Amino acid sequence: MQTITQRVLSDTVYSKGTAVLTYTIRYPYFTTTCSEAAALSINAFYSTAARKTEEYCRTVLASQASVQAEYAKKDNYPFFGYEFISAYTVTWNSGCMTSLYTDQYTYTGGAHGSTIRTSDTWDFSSGRYLTLADFYPHNPAYREGIFRILDQQVKAREKDSPSTYFDDYPALIRSTFKPESFFATPKGIVIYFQQYDIAPYSTGIPEFLIPFKKSR
């Protein structure tokens, strides 16, 4: 079993006295009764990723924000500071397996920001990163089964709320599907897609639950 502690990197970056960027990066730190070596390796993974993300914020994003702030000042229009938030959600934490996803929200002005989701599922007895195929050990053609279930779920959602998905969603589901875009929950596997992959921005990040009884 894993005990999870949240760690945070956060700061406000200034340029010529103006706050141009605020960032908050939350990431997990694990202790486990399964394998101390596995926890050490997984913790290093998240710590390194958080530091790289912070470096990106302080260099790339901060530089872009500073340029925009200068343009705003020069042209006498309001400048809205950039914002970056990375937050994780644990969806499964039982025995020696933990699954979670991380949403990274970036606002760089305009009507709204954008969110990119990633996810990880870990075996804390070995430190191994679990793949979607690991949940289908006896079904090498599992993708086609998933696609059929996703088609059915989108069709039902479109019946209840028309125009919440693009008209060509069957083709888009297959062309934008990424096997790493999943996480485990007590009820089953959740497949997700990024914003704009198969639906307009207003739909958000589409999620589809595939109960374990259907995923084997």
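The values are calculated or read from the model by the stated rules, or taken from the named source; none is laboratory data. For clarity, every value in this text was computed on a predicted model and none was experimentally measured. All Cβ positions, glycine included, derive from the backbone under ideal geometry; neighbour counts span all protein chains shown.
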Taking segment 140-162 as the region of interest, how many residues are of a type in the set (S, T, Y) and either surrounded by 15 or more Cβ atoms within 10 Å (Cβ to Cβ) or not assigned by TED's automatic domain parsing to the domain that holds A199 (or both)?
1
Can you pull out every residue in segment 165-216 that is touching a residue at least 24 places away in the same chain (Cβ under 8 Å), under 21 Å from I116 (Cβ atoms) and β-branched (V, I, T)?
I173, T185, I189, V190, I191, I198, T203, I205
Condition met for G109 (touching a strand residue (DSSP E or B) at 6+ places or on another chain (Cβ under 9 Å), modelled with pLDDT under 95 and surrounded by 12 or more Cβ atoms within 10 Å (Cβ to Cβ)):
yes
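A quick yes/no check of all residues on (1) modelled with pLDDT of 95 or more; (2) in a helix (DSSP H, G or I); (3) exposed (fewer than 13 other Cβ atoms within 10 Å of the Cβ):
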site: Y46; (1), (2), (3): yes, yes, no
site: K52; (1), (2), (3): yes, yes, yes
site: C57; (1), (2), (3): yes, yes, no
site: L61; (1), (2), (3): yes, yes, no
site: Q64; (1), (2), (3): yes, yes, no
site: K74; (1), (2), (3): no, yes, yes
site: F80; (1), (2), (3): no, no, no
site: I85; (1), (2), (3): yes, no, no
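Within segment 7-42, how many residues turn out to be without any contact (Cβ under 8 Å) to a residue 60 or more places away in the chain and under 18 Å from D103 (Cα atoms)? Write out each step before concluding.
Of the residues in segment 7-42, the ones without any contact (Cβ under 8 Å) to a residue 60 or more places away in the chain are 7-17, 29, 31, 33, 36, 40.
Narrowing the set further to residues that are under 18 Å from D103 (Cα atoms) leaves 7-10, 29.
Result for segment 7-42: 5.
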Looking at Y82, Y88, Y105, can you tell me which residue is within 19 Å of the chain's Cα centre (by Cα) and in contact (Cβ under 8 Å) with a residue 40 or more places away in the chain?
Y88
Could you please give the count of residues in segment 1-17 that are basic (K, R) and not in a strand (DSSP E or B)?
1
Single condition V90 does not satisfy, out of (1) farther than 26 Å from V190 by Cβ; (2) part of a strand (DSSP E or B); (3) in contact with a Leu (Cβ under 8 Å, 6 or more places away or on another chain); (4) not hydroxyl-bearing (S, T, Y):
(1)
Can you find a residue that is buried (at least 17 other Cβ atoms within 10 Å of the Cβ) and either free of Cβ contacts under 8 Å to residues at least 60 places away in the same chain or in contact with a His (Cβ under 7 Å, 6 or more places away or on another chain) (or both) anywhere in segment 122-138?
yes
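Could you say whether any residue in segment 26-38 is among the β-branched types (V, I, T), under 17 Å from the mean Cα position of the chain (by Cα) and surrounded by 15 or more Cβ atoms within 10 Å (Cβ to Cβ)? It would help to see each step written out before you state the result.
Quick first cut of segment 26-38, residues among the β-branched types (V, I, T) only: 31-33.
Now narrow it down to the ones that are under 17 Å from the mean Cα position of the chain (by Cα): none.
No - not one qualifying residue is present in segment 26-38.
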Kindly indicate which of Y169, Y196, Y192 is over 17 Å from the mean Cα position of the chain (by Cα), of a type outside the set (D, E, K, R) and outside the structural domain of H112 (by TED's automatic domain parsing).
Y169
